[in-house]
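Structure first, then comments.
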Amino acid sequence: MTIHIGMWSGPRNISTAMMRSWENRSDCVVVDEPFYACYLTETGLQHPGREEILAAQSSEREVVIEQLRADLGTPYGYQKHMTHHMPRGMDMRWCADLRHCFLIRDPAEVIASYLHKMPSVSKQAIGIARQQELFEEIESVTGQRPAVIDANDVLRDPASLLAQLCDALGVPFDESMLQWPKGRRDSDGVWAHHWYHKVEESTGFAPWLEREVDLAAGHRALAQEMQAYYAHMAQYRIRP
């Protein structure tokens, strides 16, 4: 039976590069943001490629859950999840058998990156507060604290972080996770043409660079508000 891994991230993190990393293993199949169509249907939001997304995925959560729990015929299945796709009040017991990790990133960096792709940003859109809530909900339903990794730590030392993450998940580390071929994948969501340009040109995790983030006053206030949620999870992160 397939062992399913749930990776929980907000947008504008290294979540797609992380998906590439796992997909490059010969023993793993990946799925890209399986609840996106559900999220768009429930919220009515007009995201880029909305109609394509609704045509490509089921908008019924129970259908998606059944798909995510299925045996894939491979040892491992990797699920890339966006935390803001999961509404408050949703029963998370469906993922009790998954092995979980939370991918976090400094809120100011998330907001700055998000604004390069979208005209505005909100607390709900970046999913950082929801990420902490899901962290606690999943800890409750599984009876164990999920692994946590920080995007900047991964970029500083991918080999160390991925080896430690695999150990935390009970999965053997594979050096193939450190590099991958350029290009788009059949497994990429139909939204890839809007969001994945840099990843499509990549062959591995980008080198870490110290960044100066310049935000307008309102966006700085949002980043400050989100800092407590980020810090709560960061205290548990795997360190290089």
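Before moving on, here are some points about what is shown:
- Each Lys and Arg Cβ is given +1 and each Asp and Glu Cβ -1; about its Cα centre, the chain then shows a dipole of about 360 debye.
- Theoretical FRET efficiency, 1/(1+(r/R0)^6), r = Cβ-Cβ of GLU133 and MET1, R0 30 Å, to 0.05: 0.55
- Computed over the stretch 126-200, relative contact order equals 17 percent, with contacts defined as Cα pairs under 8 Å that lie 6+ residues apart.
- In terms of accessible area, using a 1.4 Å probe and ignoring ligands and nucleic acids, LYS117, LYS80, LYS182 rank largest first as LYS182, LYS117, LYS80.
- Comparing mean-square fluctuations of SER120, SER21, SER58 from a GNM of the chain with C-alpha springs under 10 Å, the top value falls on SER120.
- For the chain, relative contact order (Cα pairs under 8 Å, six or more residues apart, normalised by length) works out to 29 percent.
- Proximal charge balance of ALA70 [Cβ under 14 Å; K/R count +1, D/E count -1]: -3
- Helix screen, the chain: DSSP H segments with Cα axial length of 15 Å or more and mean Kyte-Doolittle hydropathy at least 0.5 are 158-169.
- The stretch 77-96 versus the stretch 148-222: alpha-carbon centroid distance in Å: 20
- With the simple model of a label 7 Å out from the Cα in the direction of the Cβ, SER176 to MET90 spans 3.0 nm.
- In a reduced charge model with +1 at each Lys and Arg Cβ and -1 at each Asp and Glu Cβ, the stretch 74-128 shows a dipole moment near 60 debye about its Cα centre.
- Cβ-placed point charges (K, R +1; D, E -1), dipole of the stretch 127-240 about Cα centre in debye, nearest 20: 120
- Separation of the LYS123 and ARG211 label points, Cα + 7 Å toward Cβ, nm: 2.3
- In the assembled protein chains, HIS197 presents an accessible area of approximately 90 Å² (probe radius 1.4 Å).
The values are calculated or read from the model by the stated rules, or taken from the named source; none is laboratory data. Remember, it's a predicted structure, so these values are computed and weren't measured experimentally. Neighbour counts are summed over all protein chains in view; Cβ atoms, including those assigned to glycine, are modelled from backbone coordinates with ideal geometry. Surface accessibility is based on the protein's heavy atoms, side chains included, excluding ligands, DNA and RNA. Shrake-Rupley method; radii C 1.70, N 1.55, O 1.52, S 1.80 Å.
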